[in-house]
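Chemist: I am attaching a structure below and will ask some questions about it afterwards.
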Amino acid sequence: MTKERKFQIEGLLKTPQELLHKEQISNQVSGKIILVTGAAGSIGSEIVKQLLVYVPKTILLVDVAEITLNKLYLKLESIPSKTKLIPCLADINEKSLMHNLFTIYQPDIVYHAAANKHVPLLEGFPHQAIQNNILGTKIIADLAIIFQVKTFVFISTDKAVNPSSIMGASKRIAELYIQAVNESSAQSQFIITRFGNVFGSSGSVVPIFNKQIKSGGPVTITHPDMERYFMTITQACELVLESGAMGNGGEIFMFDMGAPIRILDLANQMIKAAGLMPEIEIKIECIGLRPGEKLQEDLITIHDVLMDTKHSQIRLVKSMNKNKNNFNKKEINVFLKQLTTLQEVEIVIEMKKIVPEFKSNHSIYSALD
């Protein structure tokens, strides 16, 4: 019997990880009260684990998923630490509940990782994407202003760049709101981080491919030319903490994820790592692009440039568009107030007004472009 070999994802990632400015991160978070939304998720839980190294006073673990939140809390509780961990079973859309948390604990720093992220699924449920990715972000950001949170770090995605999906467009609108809030804030610094797919996350293709390989195939990919940028969870969250420590407010930081990886190449390497031969022992099937997907993700728009920072893997997205859309908070407030009365098509039409570069791909909403 062939011994199963573990697939080492690091072999695909050509970009070496630069050392962090740990002293700067420590100066920011040590002894502080920190709130992490989506704390039980892949990104949120790793942010929490890394924060423990810097010994904050308290970390509020905010998540709506009861079972995974409890598992995380029990796991973290076994780690020796002076940091107080407080699990908070809460939906970021429940404004009064979130207000109570801010009132009681007065957080100094917020890492906002909570979001709906699955592109094809959200294409069929725009209400949910708006509710969680935009309204939820607005509620947390507004509370950060009210309670004078020092630093707010928003976890975004490369799918917000020239979005082709409901998910990407919702994250872009959230970005615009975050930037607008930052401009009106004298006390709080709002920082946006963007990165691509994360190996090992709940939505990663790796566990899907593993399951398909173990069951004898086929391994299904959407298109032979599909490419994505990848990072490990550890890499991504290290750079999130670094960005939060270096930002002054208003920045969009794009992480250097190296060269994009073809999903077909990933599938082939995973099959070989399992001791099997692609197309002979395990077939690979192309099933076509799913709603909202595009072949390659963009790093910037035609109006942006990437500028260096003091960390080689963190780039600053600088807009060079002198006639950029003058987004204001009133626009999103009107949109969100209308949300319960709007039909799905009407929601998408409004999203395209707010984000003109939003062009639906392989979607029922493509006809609106």
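Chemist: Taking Ile284 as the residue in question, decide whether it is in contact (Cβ under 8 Å) with a residue 12 or more places away in the chain, β-branched (Val, Ile, Thr), more than 19 Å from Gly124 (Cα to Cα) and buried (at least 18 other Cβ atoms within 10 Å of the Cβ).
Modeler: Numbers: in contact (Cβ under 8 Å) with a residue 12 or more places away in the chain: yes; β-branched (Val, Ile, Thr): yes; more than 19 Å from Gly124 (Cα to Cα): yes; buried (at least 18 other Cβ atoms within 10 Å of the Cβ): yes.
Answer is yes for this residue.
Chemist: Hey, among the residues in the range 33-44 that are part of a helix (DSSP H, G or I) and surrounded by 24 or more Cβ atoms within 10 Å (Cβ to Cβ), which one's nearest to the chain's Cα centre (by Cα)? Reasoning before the result, please.
Modeler: Our first condition is that a residue be part of a helix (DSSP H, G or I); within the range 33-44, this holds for 42-44.
Filter once more, keeping what is surrounded by 24 or more Cβ atoms within 10 Å (Cβ to Cβ): 43-44.
Details: Ile43: 8, Gly44: 9 Å.
The extreme case among them is Ile43.
Chemist: Being under 18 Å from Ile233 (Cα atoms) and among the hydroxyl-bearing types (Ser, Thr, Tyr) is the filter here; which residues of the range 20-53 pass it?
Modeler: Selection gives Thr37, Ser42, Ser45.
Chemist: Oh, and also: If you check Ala186 against the conditions, is it hydrophobic (A, V, I, L, M, F, W, C), crowded, with 22+ Cβ neighbours inside 10 Å and without any contact (Cβ under 8 Å) to a residue 60 or more places away in the chain?
Modeler: no
Chemist: Quick one: which residue in Pro291, Pro207, Pro224 is surrounded by fewer than 17 Cβ atoms within 10 Å (Cβ to Cβ), under 23 Å from the mean Cα position of the chain (by Cα) and under 20 Å from Val119 (Cβ atoms)?
Modeler: The unique qualifying residue is Pro207.
Chemist: Can you find, within the range 53-75, the residue that is surrounded by the fewest Cβ atoms within 10 Å (Cβ to Cβ) among those that are part of a helix (DSSP H, G or I) and within 21 Å of the chain's Cα centre (by Cα)?
Modeler: Selected residue: Glu66.
Chemist: Which strands (runs of 3 or more DSSP E) sit wholly inside the range 187-258 and have at least 2 residues that are touching a helix residue (DSSP H, G or I) at 6+ places or on another chain (Cβ under 9 Å) and at pLDDT 90 or above?
Modeler: Numbers: elements: 189-194, 197-199, 219-221, 230-232, 252-255.
Answer list for the range 187-258: 189-194, 219-221, 252-255.
Chemist: Out of Thr151, Thr157, report the one residue that is under 17 Å from Gly292 (Cβ atoms), touching a strand residue (DSSP E or B) at 6+ places or on another chain (Cβ under 9 Å) and at pLDDT 95 or above.
Modeler: Just a single option satisfies the conditions, and that option is Thr157.
Chemist: Within the range 264-323, restricting attention to residues that are part of a loop (DSSP other than H, G, I, E, B) and small (Gly, Ala, Ser), which residue is nearest to Val161 (Cα to Cα)? Outline the logic, then answer.
Modeler: We begin by selecting, within the range 264-323, every residue part of a loop (DSSP other than H, G, I, E, B); these are 274-277, 279-281, 283, 287-303, 309-313, 320-323.
Filter again for small (Gly, Ala, Ser), leaving 274-275, 288, 292, 312.
Values: Ala274: 35, Gly275: 38, Gly288: 22, Gly292: 13, Ser312: 21 Å.
Per the criteria, the residue is Gly292.
The values are calculated or read from the model by the stated rules, or taken from the named source; none is laboratory data. Note that this is a predicted model, so its numbers are computed, not measured. In this analysis, Cβ positions are derived from the backbone assuming ideal geometry, glycine residues included, and neighbour counts consider all displayed protein chains.
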